[in-house]
Each structure stands twice: as C-alpha cells, then as structure tokens.
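Notes follow the structure.
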Protein chains: 2
Amino acid sequence: MSPLDDYLKQHRDHFEQDLCDFLRIPSVSADSSHVQDVHAAANWVADQFRSLDLHTEMIETEGHPLVYAESPAVPDVPVVLVYGHYDVQPPDPLDEWTSPPFEPTVRDGNVYARGATDDKGQMLTHIKSAQAWMKSTGSLPVQLKYIIEGEEEVGSTGINTYLENHADKLKCNVAVISDTSQFARGMPAITYGLRGIVYFELFLSGPKQDLHSGSFGGAVMNPVNALTRLLGSLVDDDGRIQIPGFYDDVQTLTDSEREQFAGLPFKEKSFMDKLGVELLNGEHGYSTLERRWARPTLDINGISGGYAGEGAKTVLPARASAKFSCRLVPDQDPETIAASLRSWLEESCPPGIQSELIYHHGAPGVVVPLDSSYVAAATRAIEKGFGRPPVFIREGGSIPIVTGFKDKLGVDTLLLGWGLDDDNTHSPNEKFSLADFQRGIKASAYLWKELSGC
Amino acid sequence: MSPLDDYLKQHRDHFEQDLCDFLRIPSVSADSSHVQDVHAAANWVADQFRSLDLHTEMIETEGHPLVYAESPAVPDVPVVLVYGHYDVQPPDPLDEWTSPPFEPTVRDGNVYARGATDDKGQMLTHIKSAQAWMKSTGSLPVQLKYIIEGEEEVGSTGINTYLENHADKLKCNVAVISDTSQFARGMPAITYGLRGIVYFELFLSGPKQDLHSGSFGGAVMNPVNALTRLLGSLVDDDGRIQIPGFYDDVQTLTDSEREQFAGLPFKEKSFMDKLGVELLNGEHGYSTLERRWARPTLDINGISGGYAGEGAKTVLPARASAKFSCRLVPDQDPETIAASLRSWLEESCPPGIQSELIYHHGAPGVVVPLDSSYVAAATRAIEKGFGRPPVFIREGGSIPIVTGFKDKLGVDTLLLGWGLDDDNTHSPNEKFSLADFQRGIKASAYLWKELSGC
C-alpha cells in the first residue's frame with residue numbers, strides 16, 4: 001500500500017470529524033444574523049489550507065469573503081482550479097428536521113446536517129485529498145488553486161466581480177467542481193453538459209384603464225386574450241418552439257450520446273411518482289433524459305393580468321404580463337434568440353396592443369468535450385475512488401460559474417458528482433453518505449495524480 | 001293646456017326640490033355605517049307613494065328593504081310594473097368631488113350628487129309623473145305597480161328572492177325601467193337589447209409542486225403553457241370564438257338593424273380617446289356598435305400562475321388558473337354553451353394536465369321586440385317629453401332584473417334612458433341634467449297615457 005493510500009485509510013475518522021466540525025458552523029449566507037458564522041466558516045476553510053502550508057488569502061468582497069489558496073507550482077503539468085462554496089441554504093422549516101440542522105448526526109451511514117452535500121461535504125473532499133498528498137508525500141502532483149466562495153446561495157456576486165477583474169490570478173488549465181450528484185446510488189457521474197438560458201418578461205397593455213366587459217367587450221382587444229394568443233402560439237402541439245430560427249444552431253445529439261442516455265437506468269415510473277404526474281411529455285421524438293438535458297425548452301414562469309380575487313368580476317383588463325424563459329443547448333446564442341423573439345413579437349402582437357419585452361438575462365449552454373485527456377483522467381480517478389467508472393450525464397439547469405470559467409479563463413470544468421439526488425439539498429434533513437465522502441476524497445486524491453499526466 | 005300639462009309646468013321647482021331632498025340621503029348600500037340612511041331613503045320613497053294615496057308596503061328582506069306601491073286597478077288596460085333603486089354607489093374618492101356628494105349642487109343646468117342619475121333622479125321621474133296625474137286628474141290611466149329596491153349596487157339579493165316567491169304580486173303586462181342612458185345629448189333612447197353572459201373559471205394543475213425549470217423543463221407539461229395554449233386557441237385571428245357550436249343559435253342582425261346602428265352618430269375617434277386606445281377591433285365583419293351590442297364575445301377577466309414577484313425566477317409552476325366569460329346574444333343558451341366548452345376542454349386539455357372548470361353563472365341575452373304596441377307607446381311618449389323620438393339602441397352588458405321579469409313574470413321591459421354616458425355614474429361628480437329630469441317626468445306622464453291604449 002502506498003503512503004497516500006495508507007494515509008487515506010488511517011485518517012477516515014479524522015476526515016469525518018473535520019466534516020462535522022465544518023457542518024456545525026451555521027454559515028447561512030442569506031441571513032444577516034449569521035454574518036459572523038459565515039465568516040467563521042471562511043476562516044475554518046482558510047485554516048485548513050494554512051495547516052497544509054498552502055499560500056492562503058482571505059479576499060474581502062462587498063458581501064461574504066472568498067477564500068483563495070494555492071499549492072506550489074509544478075513545472076510542465078496542468079494547473080487545476082478547484083471551486084466550491086462554504087455557505088449554506090437557510091435550514092427552514094426547522095420542525096421538519098429529525099436532528100438539528102447544525103448538529104451533524106450520523107444515521108445509517110449518512111451524516112445529516114445543512115450543507116452536508118451542498119457543498120461543504122463535497123467541497124471538503126478536494127481539501128482532504130490535498131492534505132493526504134501533502135502529509136504523506138510532502139507535495140502535490142499538480143498545482144492546485146482553490147477559490148471557495150460564500151455567496152453561492154445568494155447570487156455569487158463577489159466571485160463574479162473577482163473573476164471579471166482578476167482572471168490572471170485564477171489562470172489554470174482545467175477547473176474542478178463537486179456540487180452535482182451521482183446519477184444514482186453507486187453510480188458516480190461526470191456531468192459534461194449544462195443548458196443555458198434566456199429569460200424574458202413581456203408586458204402588454206390595451207385601454208388606459210380596466211373596462212366593463214359588458215359595455216366594452218368586443219370593441220377593443222383584451223391584453224390578456226392577446227397574451228394567451230401570443231404565448232400559446234410559441235410552442236406547437238409537438239412541443240416545438242416557434243420562435244423563428246430557434247433550432248438553427250442547436251447542437252444535435254449524436255447517436256452515441258443518445259445510446260449512452262438510453263443505457264442509463266432512468267426509472268420513469270419513480271421519476272413520475274416523485275413529481276406527482278401521470279405522464280411525462282414534451283418535445284416529440286426525444287426521450288425524457290434527452291428533453292431534460294440536451295433539448296431546448298420554453299416554460300412560462302409566471303403570468304398575471306386582470307382580476308385575481310374570489311368569484312366573478314366582469315372586467316376587461318387594461319394590462320397583462322408574463323415571465324418566460326428558454327433553456328438553451330450548446331451552440332444556441334442567447335442574443336440571437338432574444339433578437340428573433342423581439343422581431344417575432346413586433347410582427348405578431350395584435351393591433352391595438354402595446355408591448356414591452358424585457359430581456360432579463362441570458363447564458364449559453366455548455367458541454368465539456370468527452371474526448372479530452374482531462375475527462376479521461378477524471379474517469380480513471382473516479383474508478384479508483386468508487387470502484388467503478390463514472391457515467392456521463394448532463395444537467396438541465398445552468399451553473400453560471402462554469403460559463404464564467406469558460407469565458408474568463410478559457411477552461412472547461414470537470415463536474416464530478418459525489419452526492420445523490422435524494423440528499424435533500426435546499427430541504428430539511430440534508431444528508432451525505434459518509435462512504436461517498438471517503439470515496440470522493442480518494443477519487444480526488446487520484447485525480448491530482450491523473451491530471452498530472454495530461 | 002291640459003290640467004296634466006299645467007301641473008307639470010307649475011311644479012318644476014317642486015320636483016327639483018324633492019329630487020335634492022332625496023339626493024341628500026347618503027343611502028350607500030355597500031357601507032354598513034350607512035344602514036340607517038339606506039332605510040331613510042326607503043322611507044322617503046314610501047312617503048312619496050303615501051302622499052299620492054297609493055297602497056304602499058315596506059317589504060323587509062335579509063338586506064335592505066323593498067318599497068312596493070300600487071295604484072288602483074284600471075279595467076281593461078295594461079298593468080305596468082316600474083322598477084328602480086334608491087341605493088347608491090359609495091362616493092369615494094371624496095377629494096375628487098367639486099361639491100360634496102350628498103350636498104346636491106346645481107351647476108350649468110345639472111344637479112351634481114351621488115345617485116343623481118343612478119338611479120334616484122331617473123327613478124323619481126316615474127313617481128313625479130304619477131303625482132302629476134293624481135294631483136291634476138285624481139287618477140292614473142293605467143294601474144302602476146312599483147318595486148323599488150335598495151340593493152342594486154350590491155347584488156340585488158332581496159328582490160331576486162322576492163321575485164322568486166311573489167311573482168303573483170308583481171303580475172303585470174309590461175315593465176318600465178329608467179336606469180340607462182340616452183344615446184347622446186338630446187338623443188333619448190329606448191334600449192331594446194341586452195347581452196347575456198356565461199362566466200367560467202378554469203384551474204389547471206401539473207406536478208404536485210413547483211419545479212426547477214432547468215432540471216425539469218422538458219420533462220413535464222407546464223400548466224401555464226397549457227393554459228395559454230388552451231385559452232389562446234379560443235378566439236381566432238378573425239375574432240371568432242372557437243367553442244364548438246358557439247354561433248349555432250346566434251340571432252343574426254337584420255339588415256334594418258344594421259342600417260339603424262349605422263345611422264347613429266357614433267364617433268369612433270372620441271370613443272377611442274375615452275378608452276385610451278389607438279384602434280378598435282374585434283370580430284371581423286362587424287361595426288364597433290354591432291360588436292358591442294349584438295355580437296357575442298369572449299374576454300379573459302383574470303389570469304394567474306407561477307411567480308409574480310420582481311425579477312426572474314426559474315420556476316415551472318405547478319398550477320395556473322383563469323377567469324373568462326362570454327357575452328351572449330339572444331337565442332344563445334348559456335347551459336348549451338357551458339356544456340360545449342366542457343366537452344371541448346376534455347378533448348383539448350394536454351395530456352399530463354388535470355383541469356377543473358367552474359361555471360360561475362349564466363344568463364341569456366334579451367331583446368324586446370321593436371314592433372310591439374308597448375314600444376310604440378313609449379316612442380310616442382318620449383317624443384312628447386323630449387321633443388324628438390327616441391333612437392333604438394342595445395347595450396353590451398346585462399341588467400339581470402330584466403331577465404328575471406321575463407322569466408318570472410313573462411313580460412318585456414321598456415328600458416327608457418334619460419341619463420347621459422358622461423354622467424359619471426359610479427365615479428366622482430355624478431350629475432343629471434335638470435332639463436332631462438323634467439323631460440323624463442313629462443315623457444313618463446305621457447307613457448301612462450299611451451300605455452293605456454295598448
């Protein structure tokens with residue numbers, strides 16, 4: 001057994017004790033009464049780095065601080081940037097927790113506490129793996145740079161500003177984040193694709209004030225009627241989005257990707273039970289995983305107009321509005337789609353209705369090429385840590401920092417998920433499997449080794 | 001000059017003084033702090049009848065009382081039922097009144113006060129006309145029955161219950177209501193048609209709770225998307241309603257009616273200015289007056305679903321709902337249309353979406369035949385009172401008591417409008433032209449005479 005493996009084996013209890021110490025700090029970034037706790041968590045992370053003799057900086061922001069650390073440079077091998085966050089979601093509702101959220105408690109091999117998976121436990125695997133290298137061999141096989149933020153649950157303003165202004169400092173060859181999930185229990189995953197987004201808000205107005213629908217109905221266009229007609233025509237019966245040119249740049253799924261998705265043990269029945277639906281549907285011609293991960297969508301996120309009280313009021317409303325957004329897939333350009341939607345609206349808005357379209361924000365989808373040496377390295381490392389190779393999955397949401405790293409640093413991110421999708425992140429009774437915590441540390445330790453050969 | 005004409009001429013000032021006395025009573029039916037004032041107004045009306053030696057009853061209801069009165073039977077001539085209401089809308093916002101709402105003030109030939117037109121002033125014309133007959137000749141040419149309510153502004157529960165249970169008492173040959181408007185200044189009108197209504201509320205639900213639109217968008221049907229698709233398809237680009245069979249029973253406009261509407265001096269430009277729109281539109285192939293008065297419509301009255309706060313939230317909502325209603329024209333049956341809508345919904349609701357349709361209420365449209373001897377009598381009476389014959393108009397809204405009289409008493413209603421559409425009913429600075437008040441009394445006095453010949 002190598003000194004590294006020996007260290008990992010001997011320190012399992014220590015790692016878990018450190019995790020529990022970290023989880024005891026109620027670093028709720030959204031709650032200003034916890035501002036000192038949030039700072040305490042940042043200091044706890046910084047102390048971890050200092051104990052390994054890494055160059056460590058506490059970087060103040062307008063919000064909560066960033067913790068930066070770097071290990072010594074290693075010539076001719078990749079520089080690896082590790083991202084994570086030390087802040088946690090609020091624990092409410094407190095009365096639904098079996099054990100208190102900031103008193104980590106082990107049951108059935110899981111540690112229960114707020115932040116167990118998201119992201120303290122997962123992030124800590126990448127610190128403990130460095131500790132194992134430094135303490136067992138005195139050095140790391142690659143240069144590691146850590147950037148650990150405390151505002152992930154409240155919008156990541158500080159890190160985005162820092163990334164904008166200090167890209168040089170974070171210069172690297174590849175980034176690593178563990179803030180996602182395995183595909184299923186015992187199936188560690190590399191998430192290689194994320195969808196992008198364009199988010200809009202549409203305001204329609206007609207008469208200058210609400211009118212009596214009896215006296216005036218039939219005389220003027222009703223803005224709510226117009227809104228349903230416009231939005232109702234944006235997705236056809238086959239689930240195809242009707243914004244002109246919407247699919248022009250869509251990166252199509254390859255046959256091998258489709259085969260790979262189809263090979264995953266996705267249980268539609270239990271997924272439906274979880275959501276409380278009797279049917280899964282969407283764009284025709286694609287499987288549920290394909291639709292969630294690799295096909296664009298259009299969802300209305302909110303709609304309002306007219307009388308919202310009880311009973312019947314015969315009003316012809318003066319105004320109506322809706323928020324709606326598209327999830328984008330790689331090669332779709334948010335700006336192009338926003339422009340096309342705007343043109344379509346100008347042509348389609350009924351006469352007599354004034355429209356205003358707000359483009360809230362946009363971000364492109366990303367995929368990490370699966371044929372890179374970094375992905376191959378991560379695959380080997382995960383096989384070492386978990387005893388089986390990862391599956392390759394995508395995710396329907398966005399992780400904006402991944403786009404930030406791509407745009408500002410020019411690097412791809414390895415999204416290595418040690419969590420499970422029933423870990424109750426953002427809910428009561430958040431948990432993390434301690435076995436997966438140890439496997440994650442081992443996979444991470446081997447990752448540094450494997451990446452050194454890239 | 002006949003004794004009747006002489007009486008009308010001699011008592012103009014008295015009539016106006018009585019009107020002002022009536023208007024000073026703040027009989028706001030919606031405001032429980034005014035309950036004594038509402039009773040005072042009922043008593044004031046009852047005293048008017050008593051002073052004419054009419055048989056008078058104060059009929060208690062669960063809400064505000066009804067005032068009933070009847071003059072002696074007159075053999076072989078029609079019995080005429082007069083309806084009106086002594087309650088008024090709340091006067092708010094008070095600071096927008098030039099003179100206080102319950103201190104009647106004359107400016108430029110108009111009396112300004114809450115209730116001036118709606119309906120104290122108009123209703124009083126039918127009492128003062130009886131007074132003129134009784135005081136100048138000692139009798140009336142027809143038997144009059146009055147039913148004057150105090151809940152018209154709050155739902156008319158009392159009179160509807162009374163009508164349900166005591167139709168015998170209100171037995172008559174024709175009803176008369178003055179609670180509408182002239183078509184324009186100096187153009188008294190007989191409103192011979194009202195639209196009906198069917199009012200629905202639709203609830204759609206999908207997943208059991210709101211979902212993240214990134215992780216789940218594309219997997220399940222979004223209830224707000226479904227709602228816009230359903231409602232957006234209910235009216236086509238030509239403004240035609242797509243509920244199956246919706247137009248089957250529509251009473252079509254006759255050429256002579258269309259010519260008559262077209263002959264009215266309806267000013268589209270000033271109508272648009274009043275509504276604050278740049279364009280009037282609706283069902284293709286019909287004029288604005290035709291669309292408002294004699295064609296059915298479908299208006300969404302309110303819609304809601306998903307996130308309604310500020311900014312962008314990426315939610316796939318669990319639920320959505322809308323209130324919507326159709327204005328109906330004569331011969332359309334509300335129940336048939338409700339059933340057709342329900343069938344259409346069952347066929348059209350997308351898979352994966354649960355729907356619930358509430359049918360709030362319905363009432364058919366009505367038209368009074370223009371070729372009746374009652375309309376001819378009213379026409380001659382109005383010409384006597386106003387110096388010119390009335391125009392014949394319809395109204396887009398509903399006056400439910402008209403349907404009640406038709407259903408329970410089997411009689412048509414003569415809707416004789418002395419008000420103007422700029423009288424600010426339900427708004428600050430409500431007014432009524434005193435000249436029209438006097439003309440209305442004279443027209444009413446001649447109406448009793450003319451009806452006696454029917």
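Only the coordinates and a few stated rules stand behind these numbers; no lab work does. Keep in mind that what you see is a predicted model, and the values were worked out from it rather than measured. Cβ sites come from the backbone with ideal geometry, for glycine too, and all protein chains shown count toward neighbours.
Only loop residues by DSSP count here, and only those with at most 16 other Cβ atoms within 10 Å; note down the trypsin sites (Lys or Arg not before Pro) in region B:105-193 that meet that.
B:Lys171, B:Arg185
Would you mind classifying chain A by shape? Square roots of the alpha carbon gyration tensor eigenvalues, ordered a ≥ b ≥ c; an a/c under 1.5 is rounded, otherwise it is prolate if a/b is larger than b/c and oblate if not.
Prolate.
Label point 7 Å out from A:Lys208 along Cα-to-Cβ: which residues of region B:248-285 have amide N under 20 Å?
B:267-281
Which value, in debye to the nearest 20, gives the size of the charge dipole of region A:202-252 about its Cα centre, when Lys and Arg are +1 and Asp and Glu are -1 at the Cβ?
340 debye
Would you tell me which residue of chain B has the beta carbon closest to the rotation axis bringing chain B onto chain A, and how many whole Å away it is?
Whole-Å result, nearest residue of chain B to the axis: B:Gly232, 1.
Filter the GluC sites (Glu not before Pro) in region B:299-408 to those in DSSP coil with at most 16 other Cβ atoms within 10 Å of their Cβ, and list the result.
Taking region B:299-408 and a limit of 16 other Cβ atoms within 10 Å, the loop GluC sites (Glu not before Pro) found are B:Glu310.
Starting from a label point 7 Å past Cα on the Cβ side, list the distances from A:Leu264 to the same position in the other copies, nm, shortest first.
Label point to label point, same position, other copies: 6.4 nm.
Which ³J(HN,Hα) values in Hz, rounded to whole numbers, follow from the phi angles of region A:137-153 under the Karplus curve 6.51 cos²θ - 1.76 cosθ + 1.60, where θ = phi - 60° and Gly and Pro get x?
Each residue's phi maps through the Karplus curve to give 10, x, 7, 10, x, 10, 7, 9, 10, 10, 10, 10, 9, x, 10, 5, 7 Hz.
Once you order the gyration tensor axes a ≥ b ≥ c over the Cα atoms, which shape class does the protein assembly as shown get: rounded for a/c under 1.5, otherwise prolate or oblate by comparing a/b with b/c?
Values: a/c = 3.41, a/b = 2.82, b/c = 1.21.
Judged from the Cα gyration tensor, the protein assembly as shown comes out prolate (a/c at least 1.5, a/b above b/c).
Under the rule of at least 5 residues apart or a separate chain, name every residue whose amide H is placed under 5 Å from the amide H of A:Gln332.
Answer set, sorted by chain and number: A:Gln251, A:Gly365.
So which lysines can A:Lys128 reach, going by Cα to Cα under 17 Å and dropping same-chain residues fewer than 8 places off?
Correct list for A:Lys128: A:Lys9, A:Lys120, A:Lys145, A:Lys384, A:Lys442, A:Lys449.
Can you sort B:Tyr7, B:Tyr247, A:Tyr86 by how many other beta carbons sit within 10 Å, fewest first? Numbers along the way, then the final one.
On the way: B:Tyr7 19, B:Tyr247 14, A:Tyr86 30.
The most exposed by this proxy come first: B:Tyr247, B:Tyr7, A:Tyr86.
For region A:32-111 and region B:302-345, write down the distance between their C-alpha centroids in whole Å.
Between the Cα centres of region A:32-111 and region B:302-345 lies a distance of 48 Å.
Arranged by the count of other C-beta atoms within 10 angstrom, fewest first, what order do B:Asp333, A:Asp436 take?
B:Asp333, A:Asp436
Using a 7 Å offset from Cα along the direction of the beta-carbon, what are the separations from B:Ala167 to the same position in each other copy, nm, ascending?
Here the equivalent label points are 8.3 nm apart from this one.
With a 10 Å Cβ neighbour count serving as the proxy for reagent exposure, in which order, fewest first, do B:Ser372, B:Ser444 appear?
Listed from fewest to most nearby Cβ atoms, that is B:Ser372, B:Ser444.
Using unit Cβ charges (K, R positive; D, E negative) and no other charged atoms, how large, in debye to the nearest 20, is the dipole of chain A about its Cα centre?
Values: 39 positive and 64 negative charges, 113 e Å.
Magnitude of the dipole: close to 540 debye.
Kindly provide the helix-only [θ] at 222 nm of chain A, computed as the sum of -39,500 (n - 2.57) over DSSP H runs of four or more divided by all residues, to the nearest 500 deg cm²/dmol?
My calculation for chain A gives -10000 deg cm²/dmol from helical runs alone.
For region B:332-454, calculate the relative contact order in percent as a whole number, restricting contacts to Cα pairs under 8 Å that are 6 or more residues apart. The partial results should precede the final answer.
Working: 89 pairs, mean separation 38.3, N = 123.
That works out to 31 percent.
Can you list the distances in nanometres, one decimal and ascending, from the A:Pro100 label point to the identical position in each other copy, with the point 7 Å along Cα to Cβ?
Sorted ascending, the copy-to-copy spacings read 6.4 nm.
If you take the charge dipole of region B:94-223 about its Cα centre, with +1 on Lys and Arg Cβ and -1 on Asp and Glu Cβ, which of B:Pro100, B:Ile148, B:Gln209 is farthest toward its positive end?
In region B:94-223, that residue is B:Ile148.
Using DSSP to call loops (not H, G, I, E or B), can you name the trypsin sites (Lys or Arg not before Pro) in region B:218-304 whose Cβ has at most 11 other Cβ atoms within 10 angstrom?
Passing both the DSSP loop test and the Cβ count: B:Lys267.
State whether region B:64-182 is rounded, prolate or oblate according to the following rule on the C-alpha gyration tensor (a ≥ b ≥ c being the square roots of its eigenvalues): a/c under 1.5 gives rounded; otherwise a/b larger than b/c gives prolate, and the remaining case gives oblate.
Taking the square roots of the gyration eigenvalues as a ≥ b ≥ c, region B:64-182 is oblate.
Using r as the Cβ-Cβ distance of A:Ala184 and A:Glu96, and R0 as 30 Å, what FRET efficiency do you calculate, to the nearest 0.05? Mind showing how you got there, number by number?
Values: r = 25 Å, r/R0 = 0.83.
After rounding, the FRET efficiency stands at 0.75.
Given a Förster distance of 41 Å, report the FRET efficiency between B:Ser373 and B:Lys269 from their Cβ-Cβ distance, rounded to the nearest 0.05. Intermediate values should be presented prior to the final figure.
Numbers: r = 39 Å, r/R0 = 0.95.
With a Förster radius of 41 Å, E is 0.55.
Where nothing but the Cβ of Lys and Arg (+1) and of Asp and Glu (-1) is charged, how large is the charge dipole of the protein assembly as shown around its Cα centre, in debye to the nearest 20? Mind dumping the intermediate values first?
On the way: 78 positive and 128 negative charges, 142 e Å.
The dipole of the protein assembly as shown has a size of about 680 debye.
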